[in-house]
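Here is the structure we will look at.
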Amino acid sequence: MNENKVGASCAVKTFFTDIIYGMLIGIAFIIPGFSGGSIAAILGIYEKLIDAIADIFKNFKKSVLTLLPVAIGMVAGVLALLFPLGWALEAFPIPTVCIFVGLAFGGLFSITDKTKGKPSATNIIALIIPLLFALALSFLPVSADVNLLNLNFGGYVLLFLVGLIGSAALVIPGISGSMLLLILGYYNPIISIATDHLLKGRDIGVSIAVLGTTGAGIVIGFFIISIIMKILLAKCPRGTYFAIIGFIVGSIPTVFISTAKESGLSLGELMPNAWYWIISVLFIIIGFALSFSLILYSKRKENVQNTADEE
């Protein structure tokens with residue numbers, strides 16, 4: 001009876017904890033240059049989510065129960081903070097993103113635990129290449145916007161492939177989906193199709209075709225890449241986590257560069273006085289403390305669960 005109570009109590013705590021984690025993942029999607037995958041890896045639930053997504057057709061009920069609280073949290077986080085966070089990013093962009101930079105730094109300890117020991121040459125390469133790739137994204141020139149209202153068959157095939165590429169950002173930590181689509185010249189046109197055409201009842205047929213093709217590419221790519229990541233985590237977990245660290249570390253300066261690009265201002269204009277610098281450092285510390293405390297809580301919960309299982 002006591003064991004049942006402990007198990008039920010742990011399940012309830014896990015459910016609500018995963019909702020909080022989901023909120024943080026959802027909020028990360030709003031931050032320029034950041035990705036929800038980074039937060040999932042930092043919080044230590046990345047592998048669990050990848051397994052659930054990859055096995056959703058094999059273990060449907062178990063996968064849904066795993067993904068449900070995270071999905072609830074993501075929706076709640078986006079809806080609750082979309083406008084306040086949007087205002088903060090416009091009014092105080094650098095101090096705002098500093099909270100998430102601190103969150104990334106504090107959470108790296110949860111990933112480095114999985115890479116203990118002397119790194120091999122392969123591990124170092126697995127770290128450096130993703131780091132340089134994530135960093136390089138912010139320096140790539142942005143392509144001219146694509147006209148999505150007059151696509152031929154080849155244009156729709158390309159749009160589907162763009163959806164596949166965009167799906168990588170949903171799964172791979174440290175890669176920003178909005179940045180990838182912006183570089184390819186598809187971000188603003190897709191947003192425009194959704195907001196200026198479909199919602200206003202203009203070009204409905206074309207809008208549905210464009211968004212449906214993009215969505216199909218994203219969904220299919222989402223599952224394919226999740227399966228690939230599951231295989232990599234099973235076959236070479238240490239090297240995969242080195243790559244994840246590289247993506248996350250490389251994305252940290254990208255967050256600042258992306259924020260400056262989107263605001264159209266220089267760093268001097270974004271940080272006009274000493275108070276901005278003080279607040280930014282303070283927010284980094286707050287973000288660090290938040291993610292580090294979440295990691296400690298997760299480890300403590302895991303130890304309690306392991307002790308209960310042994311008994």
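The values are calculated or read from the model by the stated rules, or taken from the named source; none is laboratory data. Note that the structure is a prediction, hence the values are computed from the model and not measured. Cβ: placed from backbone, ideal geometry, glycine included. Neighbour counts: every protein chain shown.
In table form, for the structure just shown:
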{"quantity": "Inter-residue pairs, beta-carbon under 9 Å, first over 14 Å from residue 249 (Cα atoms) and aromatic (Phe, Trp, Tyr) and in region 90-111, second at pLDDT 85 or above and surrounded by fewer than 20 Cβ atoms within 10 Å (Cβ to Cβ), 6+ apart", "calculated": "92/276; 92/279"}
{"quantity": "Boolean, residue 144 is surrounded by fewer than 13 Cβ atoms within 10 Å (Cβ to Cβ) and among the small types (Gly, Ala, Ser)", "calculated": "yes"}
{"quantity": "Meets criteria (touching a residue at least 12 places away in the same chain (Cβ under 8 Å), surrounded by fewer than 18 Cβ atoms within 10 Å (Cβ to Cβ) and small (Gly, Ala, Ser)) for residue 243", "calculated": "no"}
{"quantity": "Close pairs from region 62-82: first closer than 8 Å to residue 22 by Cα and touching a residue at least 12 places away in the same chain (Cβ under 8 Å), partner surrounded by 18 or more Cβ atoms within 10 Å (Cβ to Cβ) and charged (D, E, K, R), Cβ under 7 Å, at least 6 apart", "calculated": "69/18; 70/18; 73/18"}
{"quantity": "Residue check, residue 64 surrounded by fewer than 20 Cβ atoms within 10 Å (Cβ to Cβ), within 23 Å of residue 225 (Cα to Cα) and modelled with pLDDT of 80 or more", "calculated": "yes"}
{"quantity": "Residues (under 20 Å from the mean Cα position of the chain (by Cα) and either loosely packed, with under 13 Cβ neighbours inside 10 Å or under 14 Å from residue 181 (Cβ atoms) (or both)) located in region 110-137", "calculated": "112, 132, 136, 137"}
{"quantity": "Pair list, Cβ under 7 Å, 6 or more apart: region 199-221 residue assigned to a helix (DSSP H, G or I), other residue modelled with pLDDT of 85 or more and of a type in the set (Phe, Trp, Tyr)", "calculated": "213/156; 213/160; 216/160; 217/160"}
{"quantity": "Which listed residue is farther than 16 Å from residue 258 by Cα, more than 20 Å from the chain's Cα centre (by Cα) and modelled with pLDDT of 75 or more, from 171, 157", "calculated": "157"}
{"quantity": "Extreme residue, modelled with the lowest pLDDT, among residues of region 3-56 that are among the charged types (D, E, K, R) and under 19 Å from residue 76 (Cα atoms)", "calculated": "13"}
